[in-house]
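Read-outs throughout are calculated quantities, based only on the coordinates presented, and are distinct from any laboratory measurement. The shown structure was predicted, so the numbers you read here are calculated from the model rather than taken from an experiment. Quick reminder, even Gly has a Cβ in these numbers, built from the backbone with ideal geometry, and neighbours come from all protein chains shown.
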Amino acid sequence: MDIIQSIVAIRKEQDGQKPKVTVPRDSLDEIIWHDGNPTNITNEQILDKQIELKADFVAKQYQRDRTVQPERGGYPSIGDQMDMQYHDQVDGTTTFKDAIKAIKDAHPKGGN
């Protein structure tokens, strides 16, 4: 996660505002506060927020793996899911439930 993302997240938590800041070369030493850093965000806060955002990103990998990309083991399109549900009701099958369970089993929360 870059410095800008961390600053935006911190500022959103503090006062809900979007910061006016530039970070050349993603460097803590080159941050330019166009609004004077009104909430006094420190470098330590930025580094801590980067760690938090990275951990959250890693923890949610399963969500990205489950996205609608059937060719990569993800959920089928909504249209295909609806078609499965229709045929399950008409035919008395469990194709939809089986397909979704297989994807959830292949990409569990918390990773493999």
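Whole-Hz Karplus values for the range 4-14 come out as 4, 4, 5, 5, 4, 5, 4, 5, 4, 5, 6 Hz, taken residue by residue from phi with 6.51 cos²θ - 1.76 cosθ + 1.60 and θ = phi - 60°; glycine and proline positions read x. Can you give the translational diffusion coefficient of the range 3-59 in µm²/s, computed by Stokes-Einstein from the Kirkwood radius over Cα pairs at 20 °C and 1.002 mPa s? For the chosen part, D equals 186 µm²/s. Segment Thr93..Gln14, full-extension length gain: 23.3 nm, with 0.36 nm per residue of separation and the alpha-carbon distance subtracted. Calculated [222 nm] ellipticity per residue, helices only, for the chain: -17500 deg cm²/dmol; basis is -39500 (n - 2.57) per DSSP H run with n ≥ 4, divided by all residues, nearest 500.
Each Lys and Arg adds +1 at its Cβ and each Asp and Glu adds -1 at its Cβ; summed about the Cα centre, the chain shows a dipole of about 80 debye.
Counting alpha carbon pairs within less than 8 Å and at least 6 residues apart, what relative contact order, in whole percent, applies to the range 3-59?
37
One entry in (i) 12.5, 35; (ii) 17.1, 57; (iii) 21.5, 65 is Rg and Dmax of the Cα atoms in Å calculated from the shown coordinates; its label is (iii). Subtracting the Cα-Cα distance of Thr67 and Lys104 from their residue separation scaled by 0.36 nm leaves 12.2 nm.
Placing unit charges on the Cβ atoms only, positive for Lys and Arg and negative for Asp and Glu, gives the range 3-59 a dipole magnitude near 200 debye about its Cα centre.
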